[in-house]
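These notes are about the structure you will find just below.
The values are calculated or read from the model by the stated rules, or taken from the named source; none is laboratory data. Small disclaimer: the values here were computed from a predicted structure and weren't measured. A quick note on method: Cβ atoms are made from the backbone with ideal geometry, for glycine too, and the neighbour counts reach across all protein chains shown. What goes into the accessible areas is simple: the full protein's heavy atoms, side chains included, and nothing from ligands, DNA or RNA. Shrake-Rupley method; radii C 1.70, N 1.55, O 1.52, S 1.80 Å.
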Amino acid sequence: MTNFLSDGVSAGDIVLAGIKAVIAFVICLVATMLMVWFERKVVSRLQNRIGPNVTGPFGLLQTLADGIKLFFKEDIIPSRSDRFVFQLAPYLSLVPAFLTFAIIPIAGDFSPGNDGTVTLPGGQVTGFQVADVPAGILFFLAMSSLGIYGIMLAGWSSGSKYPLLGSVRATAQAISYEAALGLSLASVILVSGTLSTSGIVQAQAEGGFFGMNMIVTGFVPFFVFIVAGTAELNRPPFDLVEAEQELVGGFHTEYSSIRFAMFFLAEFMNTVTMGAIIVTLFMGGPSAWFGLYFLGWFGGFVWFFAKLLLFLFMFVWFRATLPRLRYDQLMDLGWKLLIPISLGWLLVLGGIRVAQNGDIGLFESNTADVIFVLAVSLAIMAIGATLLQKAITNSAQERLASRGLRSVPTQQDLAASTTEQDGGH
Amino acid sequence: MSDFLREYLLVAIFGLMAFVLVGAFLGLASLIRPDRPSAGKIENYESGVDPIGSMWSQSQIRYYIFALLFVMFDVEAVFIFPWAVRLEAFGFFGLVEMVIFIFILALGLAYAWRKGVLRWA
C-alpha cells in the first residue's frame with residue numbers, strides 16, 4: 001500500500017500540487033469577488049444607475065466590504081430546522097463550485113507544436129490547471145450535479161415553507177436541464193474525440209479560429225449549452241429557485257450571516273466556472289484566435305480571460321434584459337425543445353463525420369447514408385418542435401379556461417357556431 | 001502511482017482543501033460574531049407572521065416523475081459519451097446503432113408526452 005501510494009510521487013510533485021491549489025483558490029475567490037462587482041456595476045449601468053462607487057476605486061472593494069460585514073453578523077439557526085444538515089449544506093454548495101474550477105486550463109501556450117504545458121526548473125511538466133483529469137467532462141457534469149445537493153438540502157433542512165418550495169423547484173429544474181447539458185456536450189466530445197478538457201482545447205487550437213468547437217459543432221450545441229447552462233446556474237431568466245416575488249429568497253431564506261455568504265459565493269463562483277467551461281469547450285480556451293500567440297503561457301491567460309469576460313457580460317446582460325419564465329414554460333423548453341434538438345443534432349453531426357471518413361454504409365452510396373441519417377435527425381427535431389408548439393397552445397388555452405375566459409375562437413369554431421345558429425335557432 | 005490516479009488524487013486533495021477553507025470561513029465567523037438568540041429570532045420566517053401548520057409539507061408527485069425521466073436520459077448520456085469518443089473507430093455500424101438507440105429514446109419521450117406527463121398546467 002505504501003509503495004502504491006508513494007510510487008513515482010516526489011516531494012517536488014507535492015509542492016507543485018500545493019502551489020497550484022493555492023493559486024487556483026486565489027484566482028477563484030478574486031474572480032468571484034470581481035464578478036459580483038462586475039454584475040452590480042453592469043446591471044446598474046443598464047438600468048441607468050451608477051452602482052457601487054464609494055468603496056475603493058470604482059467601488060471595486062464593495063464585495064470585500066460586504067463579505068467582512070457578514071463575518072460580524074449574528075448567525076441564526078431556525079428552531080424547527082434540522083441543525084446538522086442545515087450546517088452541512090453550505091459546504092455541499094461551495095466545495096463542488098471550487099472543484100469544477102480544478103479541471104479548467106486557464107493559461108498555457110497552445111500555439112502549433114505546443115500542448116499548453118510548461119517544464120518547471122524542477123523537471124516536472126505541468127499544464128495550467130489543478131488536475132488534468134482524463135474524464136474532465138464527466139467530472140464537470142458530476143460536480144454540477146453535486147452542487148444541487150447543497151441547494152436541495154439547504155431548502156429541506158430549513159424546516160420552512162418558502163425554502164422547501166425553492167429547493168424542490170431547483171432540483172426539478174436542474175435535473176431537467178442537466179439532460180440537455182449532457183447531450184449538447186456529446187457533440188463536443190464527438191468532434192474532439194476526447195473527454196479531457198486540455199485535450200479538447202488542443203483539438204480546437206489545431207484548427208485556429210475556425211477550429212473552435214462553436215463553429216465545428218455547428219452552433220446548435222453551443223446555444224443549447226448556453227441556455228441549459230444558464231438554467232443550471234439558476235440565473236435569470238431561469239431564477240425560479242429564488243423568485244423573490246413569490247418565494248422571498250428561495251432556498252436560502254432562513255440563512256443569515258456567513259452561511260448565507262457561502263451560498264452567495266457558490267452561486268457567483270458557479271457563474272464564473274460555467275463561463276470558463278463554455279470558453280474551454282466551445283471557444284478554444286486559452287488558445288489564440290487568428291494565430292495571435294504572444295508571450296508564451298501568459299498570452300493564453302490573457303486570451304482565456306478576454307473570452308471569459310465576453311460570457312460573463314452575456315450572463316449579466318441576460319439578467320438585465322429577460323423576464324423570468326413561468327414554471328411550465330421552463331419545463332417545456334427543457335424537455336420538448338432542447339433535448340430533442342440536441343439528440344437530433346448529435347445524429348446529424350455523427351452522420352457528417354462518418355460520411356467524411358468515407359465509410360461503407362447501409363446503402364449503395366455514402367450520400368444515401370447521410371440522407372438517411374439526416375432524415376431521422378430532422379424527424380426527431382421536428383417531433384420536438386411540434387411537442388413544444390402543442391404544449392404552448394394547450395397551456396395557453398388551459399390558462400384562459402381556468403380564468404373562466406373562453407379561448408380565442410378559431411375559424412372552425414366560428415363556422416360551426418354559425419351553422420348551429422342557422423340550423424337550430 | 002499511475003498518471004490516471006495521480007490526477008484524481010490532486011482533485012481529492014484540492015477538494016479537501018476547499019472543505020477546510022469553507023470550514024475556516026465559518027469557524028472564523030463563529031469566533032467574532034455575536035450570539036444572542038431569542039425565541040422570536042429563531043422562529044421560522046413566514047412573511048412576518050407566526051408560522052402556520054407543519055413545516056414538513058409534501059410536494060407534488062410530478063416532481064418525482066421528472067426525476068424518473070431524468071434517470072432515463074442520464075443513463076442514455078452514459079451510453080452516448082463513450083460512443084461519441086470512439087465514433088471514428090465504429091464508423092457507420094456505430095452510427096446506425098446510435099440512430100436506433102436514440103430513436104427508441106425519442107419514442108420514450110413521445111410516450112411520456114402522450115401520457116400527459118410533461119404537461120405542467
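For the reader, a short list of remarks on this structure follows.
- Rounded to the nearest 20, the size of the Cβ-charge dipole of the protein assembly as shown about its Cα centre is 1300 debye, with Lys and Arg at +1 and Asp and Glu at -1.
- The rule of thumb for compact globular proteins, 2.2 N^0.38 Å, goes into the C-alpha radius of gyration of the protein assembly as shown 1.07 times.
- Cα shape, the stretch A:78-215, gyration tensor, a/c 1.5 rule: oblate
- Taking packing as the residue-averaged number of other Cβ atoms within 10 angstrom, the listed peptides A:193-199, A:252-258 run from highest to lowest as A:252-258, A:193-199.
- Pair residue A:66, residue B:4: separation of 7 Å Cα→Cβ label points (nm): 4.5 nm
- Anisotropy class of the stretch A:78-324 from Cα gyration tensor, a/c 1.5 cut: prolate
- Neighbourhood net charge (13 Å Cβ-Cβ; Lys/Arg +1, Asp/Glu -1) for residue A:287: -2
- Partners for residue B:41 among lysines (Cα-Cα distance below 22 Å; same-chain residues under 8 apart left out): A:69, A:73, A:161
- By the rule of a C-alpha distance below 26 Å, with chain neighbours fewer than 8 residues away ignored, the lysines paired with residue A:336 are A:390, B:115.
- Alpha-carbon spread of chain B, three principal axes, descending order, Å: 70, 53, 16
- Rounded accessible area per residue of the stretch B:3-115, 1.4 Å, Å²: 61 Å²
- Using the Cα coordinates of the stretch A:278-356, the gyration tensor eigenvalues translate into equivalent-ellipsoid semi-axes of 32, 24, 7 Å, sorted from longest to shortest.
- Environment charge of residue A:312, counting only residues whose C-beta is closer than 13 Å and scoring Lys/Arg +1, Asp/Glu -1: +4
- Surface share of carbon and sulfur [accessible, 1.4 angstrom probe, percent] for chain A: 67 percent
- The protein assembly as shown, helix-only ellipticity at 222 nm - DSSP H runs n ≥ 4, -39,500 (n - 2.57), divided by all residues, nearest 500: -23000 deg cm²/dmol
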